[in-house]
There are 4 protein chains.
Amino acid sequence: MGAAMSQRLREQGFDVVGWDVNGDRTKALADGGLQIAADARAVAADCEIIISIVTEDHGVRRIFTGPQGFLGGDVNGKLFIEMSTLQPMTGRELAPLVEAKGARLIESPVLGTIPQVRDGKLFALVGGRIEDLDRARPVLEKMTRRIAHMGPNGCGYAMKLAVNLGLGAYIQALSESLALGAKQGLALDQMLDVLQEAPYASGWMKSKIGVMKGEKPEMTLDIRTLRKDIMSAVATGALSGVPMPLSAGTLASLSAAVANGYGSGDLGELPKFVREVMLQNF
Amino acid sequence: MGAAMSQRLREQGFDVVGWDVNGDRTKALADGGLQIAADARAVAADCEIIISIVTEDHGVRRIFTGPQGFLGGDVNGKLFIEMSTLQPMTGRELAPLVEAKGARLIESPVLGTIPQVRDGKLFALVGGRIEDLDRARPVLEKMTRRIAHMGPNGCGYAMKLAVNLGLGAYIQALSESLALGAKQGLALDQMLDVLQEAPYASGWMKSKIGVMKGEKPEMTLDIRTLRKDIMSAVATGALSGVPMPLSAGTLASLSAAVANGYGSGDLGELPKFVREVMLQNF
Amino acid sequence: MGAAMSQRLREQGFDVVGWDVNGDRTKALADGGLQIAADARAVAADCEIIISIVTEDHGVRRIFTGPQGFLGGDVNGKLFIEMSTLQPMTGRELAPLVEAKGARLIESPVLGTIPQVRDGKLFALVGGRIEDLDRARPVLEKMTRRIAHMGPNGCGYAMKLAVNLGLGAYIQALSESLALGAKQGLALDQMLDVLQEAPYASGWMKSKIGVMKGEKPEMTLDIRTLRKDIMSAVATGALSGVPMPLSAGTLASLSAAVANGYGSGDLGELPKFVREVMLQNF
Amino acid sequence: MGAAMSQRLREQGFDVVGWDVNGDRTKALADGGLQIAADARAVAADCEIIISIVTEDHGVRRIFTGPQGFLGGDVNGKLFIEMSTLQPMTGRELAPLVEAKGARLIESPVLGTIPQVRDGKLFALVGGRIEDLDRARPVLEKMTRRIAHMGPNGCGYAMKLAVNLGLGAYIQALSESLALGAKQGLALDQMLDVLQEAPYASGWMKSKIGVMKGEKPEMTLDIRTLRKDIMSAVATGALSGVPMPLSAGTLASLSAAVANGYGSGDLGELPKFVREVMLQNF
């Protein structure tokens, strides 16, 4: 996502400086003509508005507070737009650290994947102060078709987790449906055909029919990352008194998939994992 | 459903004889001009093709094999079209009993609710012999826009359970999403607004937005019946070696809703139950 | 278990004829001096009281009703003692088939493993008619320290599943406890030491401390068989309206263990599987 | 627990000053002859070693960092012994706040209930620095039969959650076993009789047989508090990558029990709730 975003912003006329924790990816960015900083700290030093997008909560903490992190230098007056999918409490933890350095932080996880980045058609779910969002708008608007202010820091992440929890449930439900049917003697194609007429059929389901039939997936979200998102949702729920038996069941299945080496597969491959690996005769 | 079906078939020119285990409903059918039989046995005696639709597996067994049941008299040469949502093994159990009496049984649970019955726009998921389905077509076609032959007896029910399992997951996932967000400070309207842009948003979700906002529901499926369907799915899965942690989680939530008196509410009211009853502070 | 039982009964003065679906095991029995029958049907023909103990429900159906099965010949007046761990409905399904042939069936799954067989110290959980149990007593008493009549056919199996459901929960709970602690920096030995003082510590837990520390297990019940038992319990529960979210969670974990190749390990190895395979960092 | 602890320590010759957030309980303590402080801050000001035991994480934060909390005054050189059952991260969060004020914090949740307090027979699970534990020993030893140092701050709480997770699993497993059996026609007394011979039978199970038979419970742990503990365990697990499908199932059941008004019942009443409220016919 990060590479696509930097590309999009450059096309829209912004001066962009980039850095990736992964050296290979940094090199690829440089080869693509992007100006590269030495580390996260240097990015923050060079820029007025700093966008981050990483995989998970520990990573984002390192990038902000680690030795060569964003907050290692003078960031007075700067604005951070954090676009990862994280736990709400991470947002609430980072915001005061950023403010203590005289800067501001909004979170802005998005709905959409790389094609939507390219077309500037993401949907941003923003948490943080409205005045900070307003300052971020000129940048965010180049990447999005819609921006929703969900509330103070943490609320953007909470909304994103709430959306992805449903995505995990959807694919795990399809996995259980197809596994149930397979064991009862139904053919996969036939089941997928009927499921497309279920009341809850969706454009997304349609886009995953191919991979569910065994075609090579067009990757949108890998199983490992979805597992991490559901884990964050379950943790956030449990911490605040929300029993989530469905999500905990989804998490068990995704964890088993990762344990079996399916982690880097597309989430559309989960039904195959459940059907081919988890089903067991007496 | 039964009343709407008999009405539809009469409009389409069939001679229909009806009976309902519930006396009040039988009276209402009679008041509507339907010819009424004394019991299930008499229905089978009077008709060449017999349609049944009831709530659950024990009920259907009683109607077929009970003292005044379908199979209590001479049913040689008749065709039964069983349209309930049942466990596959119930279909496999009934078919030989029916055949032992010289009759035939297909199952034909449907996707769709009362408006689709009225318009003849159901989707029939048929299990049984293809020749028996062919004999049923003149009747089924008046009620459906599509008929899919899923396989031998049991396969129609299996497909219906596979579809409804997803419906239960969908509403329980929305319940967990909205509960998670509510505890994190998000407003309900705001969340529903975003969820309609989730990749898995569907026409069905849209149709339930009102009830999820607290409006009086237009009933499509009550929580008690959905719970029964998910219970059937979990049982069918467990009997055949399919671990279903997500569906088991859904079942726990639906069971808690019924235990709290939400059983006759529309399934669109489940999120409210979860949010208002199951959430607990420390 | 079967070999140990036949040995025990011979030691106690009974004439025993044996057969095993597995040729190697049959040969081992013969090498041990046991008289061998050609098939299950021949066992039933030769004996007055016929004991069966197999892994699962499909197997027991084959042995009773298959081509060379118990019920293939004349079994008038005979008594079957079925000692497997099965679903209650299997017992209720077999009993009338046996009675239709003029014979009787009680089920008698047991608590205890091979050492208890050798010492005649099993605990029998009997389902069936009391008069049939009385007829079985001279045999059962040689193998047991206690016989409990739980009710009609099915009730013995139900009680055994209820016991094993708890065993699955116990080992999965230990797995989750140890995994939780491991991720929080606690040492395994230290945790096991404390857990032995938990209010629910039991002799069984003590007997599994070694394998939980990584020692080679003394096999008592393999993970695959426990998974099958929990699957039977979940199916029996779901069929009769019992939501079992804990058991469904246990089943998901045991299924993942089997999928990862841990199926033939002792159930005491489940914590290791959870800790080493299912735990995942972000 | 707090009242019993202050009583025990006074009997053992310590000067004790007490305070309870609940005015009625404070009055009862005063009536019992305990010297009472105005608020938590005053307790900390008056004492060298300060013990706290409360229900949950938010409560303990208020008592430490709230306006009249422990850390509101000069606590330089003092030692806090926190004895609640909390999330490990709460311990890790509080310790540096306490140290910043020149004081020290160990956590010491315990195994045991009020009778063990009275007899000085608790088992303390300590997290924190070993030197601070050594300083706490003269006090802790008067209340305990055993003290285990589990590791740095957080590790004591983690161990306690790991123990209680098993307790929740144990009672929920018994609930599912008894519900399964009840639906299969087994008598409650008969089932409890057999379960006492299950391999995992324990002294604790024996002590709960009476309440499981319907007798008035001797309260040891209420359902609401156990639910909170399991919620903390699930949250701690999810935050660190431990999928806990069994515990999530337990949490769903305990949450349903609290939602149905069983929250202040003893955990031994959970089986009754599951059997009488959660079971549903078709």
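The values are calculated or read from the model by the stated rules, or taken from the named source; none is laboratory data. Quick caveat: nothing in here was measured; it's all calculated off a predicted structure. No Cβ is skipped: glycine too gets one built from the backbone with ideal geometry, and neighbour counts run over all protein chains shown.
Determine whether A:Val211 is within 21 Å of the chain's Cα centre (by Cα), at pLDDT 95 or above and closer than 27 Å to A:Met89 by Cβ. Taking the combined requirement at face value, the residue does not satisfy it. Restricted to the range A:1-30, and to residues there that are of a type in the set (A, V, I, L, M, F, W, C) and not in a helix (DSSP H, G or I), the residue that is nearest to A:Glu141 (Cα to Cα) is A:Phe14. The residue list C:Lys78, C:Lys101 contains one member that is over 26 Å from D:Asp193 (Cβ atoms), in contact with a strand residue (DSSP E or B) (Cβ under 9 Å, 6 or more places away or on another chain) and of a type in the set (Lys, Arg), which is C:Lys78.
Checked across the range B:19-30, the condition of being touching a residue at least 12 places away in the same chain (Cβ under 8 Å), more than 14 Å from chain D (Cβ to nearest Cβ) and under 28 Å from B:Met159 (Cα atoms) holds for at least one residue. Can you work out which of the residues in the range B:115-166 that are more than 29 Å from A:Ala179 (Cα to Cα) and under 17 Å from the mean Cα position of the chain (by Cα) is modelled with the lowest pLDDT? Only one residue fits best here, namely B:Pro115.
Of the residues making up the range A:251-282, those that are within 21 Å of D:Gly249 (Cβ to Cβ) and under 17 Å from the mean Cα position of the chain (by Cα) are A:Leu251, A:Leu254.
Would you confirm whether or not the range D:28-37 contains a residue that is surrounded by fewer than 16 Cβ atoms within 10 Å (Cβ to Cβ) and within 21 Å of D:Gly120 (Cα to Cα)? Checked the range D:28-37: at least one residue is surrounded by fewer than 16 Cβ atoms within 10 Å (Cβ to Cβ) and within 21 Å of D:Gly120 (Cα to Cα). For the range D:221-250, the tally of residues that are more than 8 Å from chain A (Cβ to nearest Cβ), of a type in the set (A, V, I, L, M, F, W, C) and in contact with an Asp or Glu (Cβ under 9 Å, 6 or more places away or on another chain) stands at 5.
Of all residues in the range D:258-280, those that are closer than 17 Å to B:Asn260 by Cβ and not aliphatic (A, V, I, L, M) total 10. Looking only at residues in the range D:45-73 that are aliphatic (A, V, I, L, M) and closer than 17 Å to D:Ser84 by Cα, the one that is surrounded by the fewest Cβ atoms within 10 Å (Cβ to Cβ) is D:Ile49.
What tally of residues in the range D:110-147 results from selecting those that are of a type in the set (A, V, I, L, M) and surrounded by fewer than 19 Cβ atoms within 10 Å (Cβ to Cβ)?
Total satisfying the criteria: 3.
Sort through D:Ala201, D:Ala169 and tell me the only one that's closer than 16 Å to C:Met159 by Cβ and modelled with pLDDT of 95 or more. Result: D:Ala201 is the single residue among D:Ala201, D:Ala169 that is closer than 16 Å to C:Met159 by Cβ and modelled with pLDDT of 95 or more.
To keep it simple, each residue is scored yes or no on (1) without any contact (Cβ under 8 Å) to a residue 60 or more places away in the chain; (2) in a helix (DSSP H, G or I); (3) more than 8 Å from chain D (Cβ to nearest Cβ).
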| residue | (1), (2), (3) |
| --- | --- |
| C:Arg146 | yes, no, no |
| C:Leu161 | no, yes, no |
| C:Leu165 | no, yes, no |
| C:Ile171 | no, yes, yes |
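For B:Lys183, indicate whether it is more than 7 Å from every other protein chain (Cβ to nearest Cβ), touching a residue at least 24 places away in the same chain (Cβ under 8 Å), of a type outside the set (Val, Ile, Thr) and in contact with a Leu (Cβ under 9 Å, 6 or more places away or on another chain). Taking the combined requirement at face value, the residue does not satisfy it. Of all residues in the range D:48-59, exactly one satisfies the criterion of being in contact with a strand residue (DSSP E or B) (Cβ under 6 Å, 6 or more places away or on another chain) and over 25 Å from D:Leu221 (Cα atoms), namely D:Ile49.
For A:Ile63, the stated conditions hold: it is more than 16 Å from the chain's Cα centre (by Cα), modelled with pLDDT of 95 or more and within 14 Å of chain C (Cβ to nearest Cβ).
Listed here are the residues, each with its yes/no results for (1) within 7 Å of another protein chain (Cβ to nearest Cβ); (2) under 30 Å from A:Leu86 (Cβ atoms); (3) touching a strand residue (DSSP E or B) at 6+ places or on another chain (Cβ under 9 Å).
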| site | (1), (2), (3) |
| --- | --- |
| C:Gly214 | no, no, no |
| C:Met219 | no, no, yes |
| C:Ala252 | yes, yes, no |
| C:Asp266 | no, no, yes |
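The residues of the range D:186-212 include none that are within 7 Å of another protein chain (Cβ to nearest Cβ) and in contact (Cβ under 8 Å) with a residue 40 or more places away in the chain.
Residue count for the range C:148-159 under the criterion of being of a type in the set (Gly, Ala, Ser), at negative phi and within 9 Å of chain D (Cβ to nearest Cβ): the result is 2.
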